[in-house]
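Peer 1: Okay, here's the structure, questions in a sec.
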Amino acid sequence: MSKLAIISGAYSGIGFEIARILGNMGYDLAISGSSDRIHDAKTELKKTGVEVYAFQADAATYEGVEGFWQFTKDLGRNVDIAILNVGIGLGGAFVDNKLEDDFRVIAINITGTVHLAKRVVQHMVPNKAGRIMIVSSLSATTPTPFETVYGPSKAFGYMFAESLREELRDTGVSVTALLPGATNTRFHKNAGMATSKIDHGPKNDLHEVAQQGVDALMQNEDMVVGGNAATKQQAIDNRATPETVKAARHAILCKLNSEQ
Ligand SMILES: NC(=O)c1ccc[n+]([C@@H]2O[C@H](COP(=O)([O-])OP(=O)(O)OC[C@H]3O[C@@H](n4cnc5c(N)ncnc54)[C@H](OP(=O)(O)O)[C@@H]3O)[C@@H](O)[C@H]2O)c1
């Protein structure tokens, strides 16, 4: 029987592209999304020739995350790869944004990631095998004004991945963090950032980012910055740049037009 990979948030964007790459590598796929469009993704991914199982659920809720895991478990198969990809952004000024929207970012990007990771780790460790990817962001390496809750939620994902990786060192289960730079998906528009400079600036190629993530996962690397040479250089530079300088730079990129 083929191996099985699960990917959260795989209707479109980075999750879909990683799913397509894994499908082309022969992995059967269990995918999730919040709308019934996830079944369109299933149809598209089946063209890779593997079995695809699609589940519609809101990753912002306990029931949604648990439901996706139960759906996967009910397939009665080992999970060989888990891509914890689902994440949302939120642009705008913290003072103006609704508290429930801030909480939704935390629910999906942090609480939901911990929830699915718990189920996956407790499944993989007894099997002594498995590969986990946490999709974080280059935003994990900088303050992110005008995405003031989003960036720290991705910093959580990065350090969560590095922490878990060390804990699981001798278990046969690996953990890899993917830190994409700005990537050519609908992410910024979905985050209400269509009028920001970042949504109109250069973006990394979706396939390149996804492929770099899968390569790092298969090579058991602790992390990879997803994107071109300039993006990778930025991650290196960020280590030596004061937080105040990075914050000022990010504010210019992410302020909405209406706020300038
Ligand atoms: N694009 C970038 O510039 C960038 C940069 C760094 C990191 N990232 C990270 O990469 C990951 C994927 O982002 P992306 O760029 O591919 O974004 P995207 O194009 O907006 O795709 C997000 C995916 O998640 C699904 N989704 C959204 N809300 C959901 C929910 N509540 N429950 C279940 N599924 C949900 C969406 O499908 P439905 O809407 O149908 O649910 C879609 O398939 C995120 O974790 C993001 O933080 C992105």
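The values are calculated or read from the model by the stated rules, or taken from the named source; none is laboratory data. This structure is a prediction, so every number in the text was calculated from the model and none was measured. Cβ: placed from backbone, ideal geometry, glycine included. Neighbour counts: every protein chain shown. In case anyone asks, the SASA skips ligands and DNA or RNA and just uses the protein heavy atoms, side chains included. Shrake-Rupley method; radii C 1.70, N 1.55, O 1.52, S 1.80 Å.
Peer 1: With respect to Ser139, is the statement that it is within 10 Å of the ligand (Cβ to nearest atom), in contact with a helix residue (DSSP H, G or I) (Cβ under 6 Å, 6 or more places away or on another chain), under 21 Å from Thr244 (Cβ atoms) and not aromatic (Phe, Trp, Tyr) true?
Peer 2: yes
Peer 1: Additional query: Restricting the search to the stretch 31-54, which residues are within 13 Å of the ligand (Cβ to nearest atom) and either exposed (fewer than 14 other Cβ atoms within 10 Å of the Cβ) or closer than 14 Å to Ser2 by Cα (or both)?
Peer 2: Once the filter is applied, which keeps residues that are within 13 Å of the ligand (Cβ to nearest atom) and either exposed (fewer than 14 other Cβ atoms within 10 Å of the Cβ) or closer than 14 Å to Ser2 by Cα (or both), the stretch 31-54 yields Ser35, Asp36, Arg37.
Peer 1: For Gly91, indicate whether it is under 23 Å from His250 (Cβ atoms) and more than 11 Å from the ligand (Cβ to nearest atom).
Peer 2: Yes, satisfied.
Peer 1: Okay, moving on. Restricted to the stretch 114-136, and to residues that are more than 14 Å from the ligand (Cβ to nearest atom) and assigned to a strand (DSSP E or B), which residue is farthest from Ala194 (Cα to Cα)?
Peer 2: Once the filter is applied, the top-ranked residue is Gly130.
Peer 1: If Met1 satisfies all but one of (1) within 14 Å of the ligand (Cβ to nearest atom); (2) outside any helix (DSSP H, G or I), what's the number of the condition it fails?
Peer 2: (1)
Peer 1: While we're on this one: Picking from Gly227, Gly213, Gly192, which residue would you name as being within 12 Å of the ligand (Cβ to nearest atom), farther than 26 Å from Gly92 by Cα and not hydrophobic (A, V, I, L, M, F, W, C)?
Peer 2: Answer to the selection: Gly213.
Peer 1: Name the residues in the stretch 154-189 that are hydroxyl-bearing (Ser, Thr, Tyr) and away from the ligand (no atom under 12 Å from the Cβ), would you?
Peer 2: Correct list: Ser163, Thr171, Ser174, Thr176.
Peer 1: Now for a different question. Need pairs with beta-carbon distance below 9 Å; first residue farther than 13 Å from Ser196 by Cβ and within the stretch 238-253, second at pLDDT 95 or above and basic (Lys, Arg); sequence gap 6+ or separate chains.
Peer 2: These pairs meet every condition: Asn238/Lys246; Thr241/Arg249.
Peer 1: Another question, then. Given the condition within 14 Å of the ligand (Cβ to nearest atom), more than 19 Å from the chain's Cα centre (by Cα), open to solvent by 30 Å² or more (accessible area, probe 1.4 Å) and modelled with pLDDT of 95 or more, answer yes or no: does some residue in the stretch 62-85 qualify?
Peer 2: Yes, that holds for at least one residue.
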